[in-house]
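Worksheet for the structure shown next.
The values are calculated or read from the model by the stated rules, or taken from the named source; none is laboratory data. Just so you know, these numbers come straight off a predicted model, no measurement behind them. Virtual Cβ from ideal backbone geometry, glycine too; neighbours counted across all protein chains shown. The area values use the complete protein model at the heavy-atom level, side chains included, leaving out ligands, DNA and RNA. Shrake-Rupley method; radii C 1.70, N 1.55, O 1.52, S 1.80 Å.
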Amino acid sequence: MKLKKDVIVIGAGAAGMMCAIEAGKRGRSVVLLDHARKLAEKIRISGGGRCNFTNRYTAPENFLSHNPHFCRSALARFTPQHFIALVERHGIHYHEKKLGQLFCDDSSQQIIDLLRHECDAAGVEWQMPNRVNNTSRTHAAAAPGGRFMLETERGILTADSLVIATGGLSIPQIGASSFGYRIAEQFGITVTPRRPGLVPLTFMPEQFAGLSTLSGVAVDAAVSCNGASFRENLLLTHRGLSGPAILQVSSYWQPGAPIHINLLPDIDAAAWLLDYRHSTVLLSNLLTQYLPRRFAHAWCEAIMPGQPARPVKQYGEIRLKQIATQLHNWQITPNGTAGYKKAEVTLGGIDTRELSSRTMEARKVPGLYFIGEVVDVTGHLGGFNFQWAWASGYAAGQCV
Ligand SMILES: Cc1cc2nc3c(=O)[nH]c(=O)nc-3n(C[C@H](O)[C@H](O)[C@H](O)COP(=O)(O)OP(=O)(O)OC[C@H]3O[C@@H](n4cnc5c(N)ncnc54)[C@H](O)[C@@H]3O)c2cc1C
């Protein structure tokens with residue numbers, strides 16, 4: 001079978017569907033191809049099954065990229081309000097959980113259904129599952145069918161515009177692949193180094209000995225790394241640390257660097273401990289005024305290994321001040337991350353210098369576009385990654 005369309009979109013995830021909708025609405029003939037059997041599995045599992053579909057306060061500062069300005073243009077032209085309007089038009093009830101994060105009241109399936117219906121209304125043709133075996137650029141004179149030719153399991157596809165929306169490497173078990181990066185390399189487009197982001201951090205067993213028994217315990221803390229700081233919960237797990245504050249800093253963490261944890265961000269720990277300098281209460285028990293009981297005991301053991309907690313009055317002022325410093329700046333050095341199996345996103349990707357920030361078209365290869373997570377633009381936790389997928393998909397959809 002041979003099929004000619006105006007636009008081929010590879011990857012029917014968040015960005016791919018948005019691009020296909022917009023191109024279809026402009027009267028372009030669009031085929032949307034995905035190798036997965038089930039549509040948009042990543043949207044389905046997102047936000048704990050309720051899809052944190054955008055963030056009201058989206059700003060360029062919420063994104064990591066080698067060029068922090070690249071995302072501005074697309075984000076300005078398709079804002080959270082635009083997506084909220086779409087959600088409301090489809091009668092989907094939603095709520096703000098915290099910090100501008102918007103979630104479906106019921107299920108992330110509602111967002112998938114919304115996108116599927118919009119694609120159908122825009123006349124988008126679906127091809128899934130389908131696999132691309134070969135991609136090539138043709139020359140107009142030799143191949144009047146279009147600038148790109150794809151050899152797929154279902155036959156030959158040709159089009160003038162080819163959109164790569166195949167996402168990042170995280171969660172390979174539901175269809176993530178390196179396809180987008182390989183296409184970029186095939187066309188001589190630079191790809192920046194990739195690593196897992198929004199990912200739990202792991203520690204050497206001996207460093208984490210007492211703490212690993214606290215799996216499930218959460219602590220409100222301010223966690224910093226490489227100049228970025230986030231105030232949210234951190235969560236202890238069997239292998240290390242997770243929870244929103246850790247996931248956020250993980251995107252800034254580089255191997256070998258410590259992370260800094262302020263366990264008492266709201267008080268002056270030195271003044272507080274010194275108020276108790278004559279007290280007979282055990283230090284670990286005093287800490288439970290602000291920290292979960294099991295954590296307070298394990299933390300004392302972790303910073304003073306082999307020394308059972310003593311009454312506060314036995315520490316002396318100098319030692320109490322040192323302990324206060326550790327409470328405000330507990331430094332631990334991860335030995336790694338939990339990897340792409342657990343990461344929510346992939347940092348790095350198609351080098352933004354290769355793309356037009358207005359259209360997402362590759363500068364060197366007219367007609368070739370990259371959108372969504374495959375691009376070197378990665379959001380913080382909290383609905384920003386979907387907002388980037390919608391915005392970059394929309395931007396390309398106006399031009400393909
Ligand atoms: C567990 C989890 C929870 C998340 N929760 C949130 C959240 O609540 N809010 C938020 O903003 N972000 C969240 N994210 C991040 C968000 O899901 C992604 O950033 C977003 O889906 C990226 O959109 P995309 O369209 O670029 O890629 P994807 O949505 O990943 O879509 C890529 C598509 O390409 C297809 N594909 C891949 N390779 C090929 C190939 N070779 N041939 C054909 N098709 C291919 C895949 O099957 C997939 O359908 C979460 C991520 C994870 C893993």
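Each peptide in 211-222, 162-173 was scored by the mean count of other Cβ atoms within 10 Å over its residues; highest first, the order is 162-173, 211-222. Within 10 Å, Cβ to Cβ, of residue 398, how many net charges do the neighbouring residues add up to if Lys/Arg are +1 and Asp/Glu are -1? Here the charged neighbours net out to +3.
In the stretch 1-69, taking the dipole from charged Cβ atoms about the Cα centre, the farthest positive-side position among 66, 32, 55 is held by 32. Looking only at the stretch 5-21, which residues have a backbone nitrogen under 15 Å from a spot 7 Å from the Cα of residue 113 in the C-beta direction? Output list for this probe position: empty. Over all pairs of different C-alpha atoms, the stretch 201-337 has a mean inverse distance whose reciprocal, the Kirkwood radius, equals 15.2 Å.
Here the chain is treated as an ellipsoid with the same Cα gyration tensor; its semi-axes, largest first and in whole Å, are 49, 20, 17. Per residue, the accessible area of the stretch 349-400 comes to 23 Å², computed with a 1.4 Å probe over protein heavy atoms only. About its Cα centre, the chain has a charge dipole of approximately 400 debye under the convention of +1 per Lys or Arg Cβ and -1 per Asp or Glu Cβ, with nothing else charged. Taking all protein chains as present, what is the carbon and sulfur share of the accessible area of the chain, in % to the nearest whole number, probe 1.4 Å? Of all accessible area on the chain, carbon and sulfur atoms account for 51 percent.
Computed from backbone phi, the HN-Hα couplings of the stretch 326-339 come to 5, 5, 7, 9, 7, 9, 9, 10, x, 9, x, 10, 6, x Hz, rounded to whole numbers (Karplus: 6.51 cos²θ - 1.76 cosθ + 1.60, θ = phi - 60°; Gly and Pro given as x). Only Cα pairs under 8 Å and 6+ residues apart enter the sum, and on that basis the relative contact order of the stretch 201-337 stands at 32 percent. Put simply, the C-alpha atoms of the stretch 1-121 give a gyration tensor, and the ellipsoid matching it has half-axes of 25, 19, 14 Å, longest first. Averaged per residue, the stretch 201-337 has 46 square angstrom of accessible surface, using a 1.4 angstrom probe with ligands and nucleic acids left out.
Considering only DSSP beta bridges where both residues belong to the chain, give the percentage that are antiparallel (nearest 5). Roughly 70 percent of the DSSP beta bridges within the chain come out antiparallel.
Pairs with C-alpha atoms separated by more than 28 Å, drawn from the list 25/98; 42/364; 97/342, are 25/98; 42/364.
Sorted on the mean count of surrounding Cβ atoms within 10 Å across their residues, most packed first, peptides 57-66, 84-93 read 57-66, 84-93. For residue 331 and residue 294, the difference between the fully extended length at 0.36 nm per residue and the C-alpha to C-alpha distance is 11.4 nm. Charged neighbours of residue 251, selected by a Cβ distance under 10 Å, balance to 0 (K, R count +1; D, E count -1).
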